[in-house]
1. Which condition does ARG632 not pass, out of (1) more than 16 Å from the ligand (Cβ to nearest atom); (2) outside any helix (DSSP H, G or I); (3) touching a residue at least 12 places away in the same chain (Cβ under 8 Å), if it passes all the others?
2. Under 6 Å between Cβ atoms, at least 6 apart or on separate chains: pull out the pairs that start in the range 349-371 with a residue that is farther than 23 Å from VAL331 by Cα and end on any residue that is in a helix (DSSP H, G or I).
3. Give me the pairs: first residue in the range 66-77 and outside the structural domain of VAL106 (by TED's automatic domain parsing), second residue more than 8 Å from the ligand (Cβ to nearest atom) and not hydroxyl-bearing (Ser, Thr, Tyr), beta-carbon distance under 6 Å, and six or more apart or on different chains, which are they?
4. If the requirement is being of a type in the set (Ser, Thr, Tyr) and either out of contact with any Ser or Thr (no Cβ under 8 Å at 6 or more places or on another chain) or at pLDDT 90 or above (or both), which of these qualifies: SER633, SER654?
5. Given the conditions (1) under 47 Å from the mean Cα position of the chain (by Cα); (2) within 14 Å of the ligand (Cβ to nearest atom), report the number of the one that ILE143 does not fulfil.
6. Only one residue in ALA388, ALA444, ALA425 is assigned by TED's automatic domain parsing to the domain that holds ALA287, at pLDDT 80 or above and aliphatic (A, V, I, L, M). Which one?
7. Which condition does LYS3 not pass, out of (1) more than 22 Å from VAL107 (Cα to Cα); (2) among the charged types (D, E, K, R); (3) within 13 Å of the ligand (Cβ to nearest atom), if it passes all the others?
8. Within the range 58-67, work out how many residues are more than 10 Å from the ligand (Cβ to nearest atom) and surrounded by 15 or more Cβ atoms within 10 Å (Cβ to Cβ).
Amino acid sequence: MLKRLEIVGFKSFAKKTVLDFSSATTAIVGPNGSGKSNVAEAFRFALGEQSMKSMRGKRSEDLIFGGSHSVPRANRASVAIVFDNSEQAGRRPFQLDFDEVAIERVVLRDGSSEYSINGSRVRLRDIEELLAGANVGETSHQIISQGEADRILIASARERRAMLEDALGLAIYEFKKQEAQRKLEKTETNIAQVESLRRELAPHLRFLERQVEKLERVDTLRSELSTVAQTYFAIEEAYLAAEKRAVHEAAEIAAARLAQASAELSAIEENATTDAEGARRLAQVRAAEAEVEKAALARSALARELGRVEGALNAAKQRSAHEAREPYAKVSREDLIALAEEARRQSAPSTEPGALRAALDALSTSVRAFVDRFISRDDDLMADEEQAVYALENERVALGEKEKRLIDEHDRARSTLTRARETLAAHDETGKEMRRRLLERAEAKAHEEAQVERVQARTRELAQIEETLELEKRDTVALAGRAVLSYAPVATPPEEARSVQAERRRALERLRIRLEEAGGTGEDVRAEFKEASERESFLARELGDLAKSADGLRSLTRDLDAELAKHFADGLARVNASFGEFFATLFGGGHAQLALEEPESNEEGTDAVLLGEAFVHPGIEIEVALPKKKVRSLVQLSGGERALTSIALIFAMSQVNPPPFLILDETDAALDEANARRYGDMIESLAKKSQLIVITHNRETMRRAGILYGVTMGGDGVSKLLSVKFEDAIAVAK
Ligand code: ATP
């Protein structure tokens, strides 16, 4: 699957160097320090290695060709690995729709790295995901660096487990788990944010809710007002209509009766005169009657006027009640003391009249100035309504006085008439009987006149009641809207005392006052409340969704854990089978296996141990039994034995889940001739499953390679690559 490696400016490879890997096994040979290991590191680098240490550097700059006395330094290092991605057995190794996949990494002197896939810039994450998908996991298990073969022996049990998981191709589960974890953390952050937004919103919402409740109470009050007002208005109207009808009838009856009484009286009076003296006296009666009539007319005209003024006054008073003025002025103690002091100063103790006069004037001016200070301009300028009340009151007083005068005149005219009638009656010779009848009729007529006056007074009263009703309607409409006037009229007033209606009127007034105090329809508050509660339910939904997705992510993590555990157990068994076999082959006997660490806190022996929130999986121990030796512990092994054990394990691991390629940097360094041959045999069988790149000084190993590259370094400090034949390889390697 590996096609080639292109190195430019990386470490000792100053010039562009291309390694072609068209064979199953490629060997790289060359003298010490020529730059062979740099090739392995070029692989690490391009695969996204972040640890500088594993590339033998301190800073990123150390990866860029540093220059020599004859060749200038480079400004960037780039390494591209080109993979063959054409379909094999119906699928492409990488999930990309290209026949070739080139992943490239560039590092600049400022330390920044750039990654690309087939020339398009990508993130490191994208590279990692792409590689994991093709079973090119972490570089550690497929690039075995020089002297690093026994890394897996040195590693802790936990680290060993991680290495094994990676070799088994389970890294993708780790990826997915981390991804789920990241999403979960993000979701939890979002949950916290939404919760805090909700907490922030809550008091405002509660406030608005209370406002709206208040408004609803106002609504209730308003509809209560409507109900009470409608009943009151309907009854009042029915009452007025009935009363008007009654008063109208009464007026007609009274007018008829008065006419009849007048006619009867006139007839008697006409009969009573037969002579000139009698005619003169009758004329006097008629004149007196005309006077009475005139006075009565004047009185009723005045009464009408008075009615009008009183109605207007009532209305004006109601209107001006809203503009009540403060009747008192506040005067401080200091001001009063100052005034007294001023008065004392100005009342000079002199009896001379000129001086007294001057003192009095000065005193008067001071007092006037003092008063002016406390009577504001506004006090002088009465409010319009107040002025209207004032004018109407004056008018009413004037009309009242005029009425008194008219009543006097009326009374005087009446007594003149009575006297004229008595004179007329006294003249008549029919005497007593005639007088009795005349006076009786006159009395009857006066009675009817009084009746007419009562009816007129009642008419005025009704007009005032009507006017008050109109005012009440207007005030109620202002508070409850015009709709309040849409009610069914009542045909006849209910049979109840008038005080019942008066009680309704007081209730109406109380409701009006309460409504006025409550004020406003609060449409803005309602709109704001609606908006805030919509936001609240949005947040609640959001929270629900987030909680659901957090649950989903948690269960995904659990599922991934379970799957990982299953695959791990399975993979472990398979690695153990090959490990034992390779070990026995290399050592000519004995056996070895990987075993799960004894869980300390989990006696039931299940795979995972719950530590706090996270499951911690037990680490991996290596158990060895050398042939014919009682050695059991790793630390007791010799250097060569360690190398053999490592090789057995590395090969076993790569057999189970063969990586696409395996780079072995002098893994065979510590082997003696016999072991080198066995190693070479194993290389051959390994190469059937993974492409191998071996950096070696070992003849046996070189023999198994299809392609041999020699790396040399001249006096210019630049590594050079050349293809060599096996026969020449040994010479080049020296
Ligand atoms: P051995 O067989 O002894 O392991 P090797 O062939 O693996 O040797 P390397 O360790 O790969 O050799 O090469 C190291 C060489 O690379 C040294 O000569 C070192 O000076 C050179 N080198 C390392 N980094 C740079 C760099 N940034 N610029 C130039 N040369 C570098």
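1. Exception for ARG632: condition (3).
2. ALA359/GLN346
3. Matching pairs, first to second residue: none at all.
4. SER633
5. Failing condition for ILE143: (1).
6. Numbers: ALA388 fails: assigned by TED's automatic domain parsing to the domain that holds ALA287; ALA425 fails: at pLDDT 80 or above.
The match here is ALA444.
7. All conditions pass for LYS3, except number (3).
8. Residues meeting the conditions: 1.
The values are calculated or read from the model by the stated rules, or taken from the named source; none is laboratory data. These numbers come from a predicted model, not from an experiment. FYI the Cβ positions are ideal-geometry reconstructions off the backbone, even for glycines, and counts take in every protein chain you see.
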